[in-house]
There are 2 protein chains.
Amino acid sequence: MGTRAQVEIKRIVERLADAISEHRLPPGARLTEAKLVEVLGANRNHVRAALQKLASEYKVVTIVPNRGACVAQPTIKEAKDVFAARGIIERSIVELAIANLTAKNRNRLLKQLEKEDGAIRRGERQEMIRESGNFHRVLAQVAGNEVLDELLAGLITRTSLIIALYQETPNVQCSIEEHQALVDAILAGDREQAQHLMDEHMATIQRYLLLDERPGEVDLRAALEEP
Amino acid sequence: MGTRAQVEIKRIVERLADAISEHRLPPGARLTEAKLVEVLGANRNHVRAALQKLASEYKVVTIVPNRGACVAQPTIKEAKDVFAARGIIERSIVELAIANLTAKNRNRLLKQLEKEDGAIRRGERQEMIRESGNFHRVLAQVAGNEVLDELLAGLITRTSLIIALYQETPNVQCSIEEHQALVDAILAGDREQAQHLMDEHMATIQRYLLLDERPGEVDLRAALEEP
DNA sequence: TAGGAATAAATTGCTAACAATTTTGGATTG
DNA sequence: CAATCCAAAATTGTTAGCAATTTATTCCTA
């Protein structure tokens, strides 16, 4: 595929993924091709390709044949699976990062913390969210396994959608303090402590989610049949 | 996208992935759209979409703009990353599988072993390879995390390509004995032993790979400059 | 007025033709 | 004879328009 098209598709994918992550496009929202063409100033083929990708790769869009695309509504089961998978990968990334600690890598971690801190100080909400997410990518890159980094990237996107869907108080993000403590443990080479902190960090995010209640797909028969 | 097209694209993807996994399409082989259309009796658009997917999702195809697609030639670094990532996921799947042991799941594992055994007894080479790969998918399904299962599926495909690329004696597969021992440990609920066996199992596969030598992209300058 | 069939509108799916790019092979020239 | 350039062939990239499907509306009937 031509570079131009690929770049364009990527642009649309990111634009949509961002909008979904930030809850500007709520779960369930219809994504009509013609509307997207108009709003994004894009070719319909590119829009379609982008939707395909968001559906098959990132799973944040659902496509029903002949009926079009809409923002996905992951089930509670899927949400839990995504978090569990992410936890597993994050945990091993921590271990690899410690094993792979060079001077350059130490610097990258510290710089990332600074960026997050700067965003908070300046009160730049949007930047805060972005940098907070970037922290996990930086950690993956420090770990040095590109495959894990890719897998994590996908899971982070899906996580964002899930948070948008299931979070009660909007926009509780990763806390900078937890990132700070995590980096401290990593730089100290304390694997156990670092992994423990990462587990806690993942748990903290999930704690604000309503992954228990919620109707979803009620079994009407079971709910309504005679007692 | 229409069901028909999706099914067709999936067919092409699987056909190509199989051919790549089984080394019928060697790494580096060119995949001309017109040829594929002719051989597969497919629409060019479907062929293109399939190639896109194989490139962006599974990474077993490389697409160069305006120059077409060819079977990927993962670097040694990438090969190692894929194996490391797969090892991590397989390891955690073992743990989840043990925690998720129902009668039904025990049965699935035993049945899978029977299938593999049957293929070996009948000397069905092709079936052996397939069932040997399926074992890991079944284990993932027993573990019950669909996201991990998906991630693993992708990594298994990539692993196959890597084996095709870097294996000296062709077609050394997973050994049934190792699968057997693994299932024994899982059914016994012995997490440590099961994880140890899985680690060993992954190591066994890698042991037959030439992941050290091989030129790849030699640094000509470093190699040829005056001593 | 409720139900349902027929029609119209909107939307997605598909294809074939055309455009752009790269490769190949040969002719030309120093 | 080697190198360079040019044209033809092969291959990929792009687009517009039509076909098929679904959804909404209208109108008819009991």
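The values are calculated or read from the model by the stated rules, or taken from the named source; none is laboratory data. Computed from a prediction, not measured in an experiment: that's the story for all the values here. Every residue, glycine as well, gets a Cβ built from its backbone with ideal geometry; the counts of neighbours run over all protein chains shown. Side chains included, ligands, DNA and RNA excluded: accessible areas come from the protein's heavy atoms. Shrake-Rupley method; radii C 1.70, N 1.55, O 1.52, S 1.80 Å.
Here is how the numbers come out for the structure above:
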read-out	value
Matching option when the condition is away from DNA strand C (no atom under 12 Å from the Cβ) and closer than 25 Å to B:Ala55 by Cβ, among A:Leu51, A:Leu31, A:Leu40	A:Leu40
Qualifying residue in the stretch A:122-132 (condition: open to solvent by 60 Å² or more (accessible area, probe 1.4 Å), under 13 Å from the mean Cα position of the chain (by Cα) and free of Cβ contacts under 8 Å to residues at least 40 places away in the same chain)	yes
Any hit, the stretch A:19-26, residues being within 11 Å of DNA strand C (Cβ to nearest atom), open to solvent by less than 40 Å² (accessible area, probe 1.4 Å) and under 26 Å from B:Gln52 (Cα atoms)	no
Single residue of A:Glu14, A:Glu95 found to be within 30 Å of A:His196 (Cβ to Cβ), open to solvent by 30 Å² or more (accessible area, probe 1.4 Å) and away from DNA strand D (no atom under 16 Å from the Cβ)	A:Glu95
Candidate set from the stretch B:60-73 (those that are away from DNA strand C (no atom under 16 Å from the Cβ) and closer than 18 Å to B:Asp18 by Cβ); member that is nearest to the other protein chains (Cβ to nearest Cβ)	B:Val61
Qualifying residues in the stretch A:27-59 (those that are more than 16 Å from DNA strand D (Cβ to nearest atom) and away from chain B (no Cβ under 13 Å)) - the one most open to solvent (accessible area, probe 1.4 Å)	A:Val39
Given (1) open to solvent by 30 Å² or more (accessible area, probe 1.4 Å); (2) in contact with a helix residue (DSSP H, G or I) (Cβ under 7 Å, 6 or more places away or on another chain), number of the condition B:Ala203 does not satisfy	(2)
Number of the condition not met by B:Leu148 [criteria: (1) in contact (Cβ under 8 Å) with a residue 24 or more places away in the chain; (2) more than 21 Å from B:Thr102 (Cα to Cα); (3) surrounded by 19 or more Cβ atoms within 10 Å (Cβ to Cβ)]	(2)
Qualifying residue in the stretch A:107-129 (condition: closer than 20 Å to A:Val82 by Cβ and modelled with pLDDT under 95)	yes
Test: B:Arg4 is farther than 24 Å from A:Val7 by Cα, within 11 Å of DNA strand C (Cβ to nearest atom) and open to solvent by 50 Å² or more (accessible area, probe 1.4 Å)	yes
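This table checks each residue for (1) under 26 Å from B:Ile89 (Cα atoms); (2) among the polar types (S, T, N, Q); (3) more than 14 Å from chain B (Cβ to nearest Cβ).
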position	(1), (2), (3)
A:Gln112	no, yes, yes
A:Lys115	no, no, yes
A:Gly118	no, no, yes
A:Arg122	no, no, yes
A:Glu146	yes, no, no
A:Glu150	yes, no, no
A:Gly154	yes, no, no
A:Gln167	no, yes, yes
